[in-house]
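The values are calculated or read from the model by the stated rules, or taken from the named source; none is laboratory data. Since the model is a prediction, treat every value here as computed from it, not as a measurement. Positions of Cβ are backbone-derived with ideal geometry, glycine not excepted, and every protein chain shown enters the neighbour counts. For accessibility, only protein heavy atoms count, side chains too; no ligands or nucleic acids. Shrake-Rupley method; radii C 1.70, N 1.55, O 1.52, S 1.80 Å.
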Amino acid sequence: MPIVRTINNMEKKIINDEIYKNWRLYLDQLLRNHVYVVLNYVHSVDVYAVDNSTIPLIKDLESKELIRYLAYLGLFIGRIKTKYRRISFTPSLELGHIVGINAKRNLVKVTDEGEKLFLYGRDLFTKSIVDTHLPLLRNHYIVVINKNNEYVGLGIAMRNILSLYDLNKLKITDPELVLIKNYIDLGWYLRKGG
C-alpha cells in the first residue's frame, strides 16, 4: 500500500538537480503555487504536483483508509528510484511538456516524418532535426517538439552537439545516425498508458 506524504528536501533536491542539469530550470520555476506530494512505494517514489486545495481531500482519504485505492494524484512529475544504492529521478511525459514551454537548451524541432516516427516509439535520426536549442548533451533528456512548436515527447541525446556546425556536418556525413533515443512520447497513451 502506498504512503502519501509531502516531498522532503532531499527528494526535491534530486528532482531540481536533474531538471537543472538538463534544462537549467528549477521545479518551482515550472510549477508555481503547487505542493509536491509523493506516493511512496518500496523501491520508488512517484512525485505529483497538486493544488493546495487537494491536501484536505488526501487527509480525508487517509482517515477513511481509502488511500490504497489511489492511483494518480494531480500532475505526475516523475519517479525517484533507488537501484544498487544509486538514486535517480526520471521525468514524466507531463513534466517534459511543462519544461518544453520554458526550455532554452536540450530541445529539438523535428520534421513531419521525424515526428510521426517518434510518436510510434522510434528514435530520431540527424536528418529529422529541423532546429535545436543548443547544446545537446549526451545522456541528457531532450524535449522534442514538432514544426508547429507542439510538444511530442522526451528523448535522450546519444552524442554531444555543441554547435549548428556540428549538427549540419552530421546531417551531410551521416543522416541516418540515431541522434535522439526515444525515452517517452505522446503516442505512449495509445500504445500502453492512459
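Applying the criterion of being among the aliphatic types (A, V, I, L, M) and open to solvent by 30 Å² or more (accessible area, probe 1.4 Å) to the residues of segment 8-45, the residue that is nearest to the chain's Cα centre (by Cα) is Ile14.
Criterion applied to Gly155, Gly194, Gly121 was being within 30 Å of Leu73 (Cβ to Cβ) and modelled with pLDDT under 90, and the one residue passing it is Gly194.
Considering segment 148-187 alone, what residues qualify as being open to solvent by 20 Å² or more (accessible area, probe 1.4 Å), outside any loop (DSSP other than H, G, I, E, B) and in contact with a strand residue (DSSP E or B) (Cβ under 8 Å, 6 or more places away or on another chain)?
Keep residues of segment 148-187 that are open to solvent by 20 Å² or more (accessible area, probe 1.4 Å), which gives 148-151, 156, 158-160, 162-166, 168-178, 181-184, 186.
In the following step, the residues that additionally are outside any loop (DSSP other than H, G, I, E, B) were identified as 151, 156, 164-166, 168-173, 178, 181-184.
Listed by number, the residues that qualify are Tyr151, Ile156, Leu164, Leu170, Lys171, Val178, Lys181, Asn182, Tyr183, Ile184.
Which of the residues that make up segment 71-93 are more than 15 Å from the chain's Cα centre (by Cα), among the aliphatic types (A, V, I, L, M) and open to solvent by 30 Å² or more (accessible area, probe 1.4 Å)? Matches in segment 71-93: Ala71, Ile87.
Let's see how each residue does on (1) among the hydrophobic types (A, V, I, L, M, F, W, C); (2) without any contact (Cβ under 8 Å) to a residue 24 or more places away in the chain:
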{"residue": "Thr6", "(1), (2)": "no, no"}
{"residue": "Ile14", "(1), (2)": "yes, no"}
{"residue": "Tyr20", "(1), (2)": "no, yes"}
{"residue": "Tyr48", "(1), (2)": "no, no"}
{"residue": "Tyr69", "(1), (2)": "no, yes"}
{"residue": "Lys81", "(1), (2)": "no, no"}
{"residue": "Ile87", "(1), (2)": "yes, no"}
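What do you reckon, is Leu57 open to solvent by less than 90 Å² (accessible area, probe 1.4 Å) and hydrophobic (A, V, I, L, M, F, W, C)? The answer is no for Leu57. Would you be able to say whether some residue in segment 140-147 is within 18 Å of Gly96 (Cβ to Cβ), in contact with a Pro (Cβ under 7 Å, 6 or more places away or on another chain) and either at pLDDT below 95 or assigned to a strand (DSSP E or B) (or both)? For segment 140-147, residues within 18 Å of Gly96 (Cβ to Cβ), in contact with a Pro (Cβ under 7 Å, 6 or more places away or on another chain) and either at pLDDT below 95 or assigned to a strand (DSSP E or B) (or both): present. Filtered by the rule that a residue be assigned to a helix (DSSP H, G or I) and open to solvent by 10 Å² or more (accessible area, probe 1.4 Å), segment 94-114 gives Glu94, His97, Ile98, Gly100, Ile101, Asn102, Asp112, Glu113. Residues of segment 115-138 that are farther than 19 Å from Ser163 by Cβ, surrounded by fewer than 22 Cβ atoms within 10 Å (Cβ to Cβ) and not aromatic (Phe, Trp, Tyr): Lys116, Leu117, Leu119, Gly121, Arg122, Asp123.
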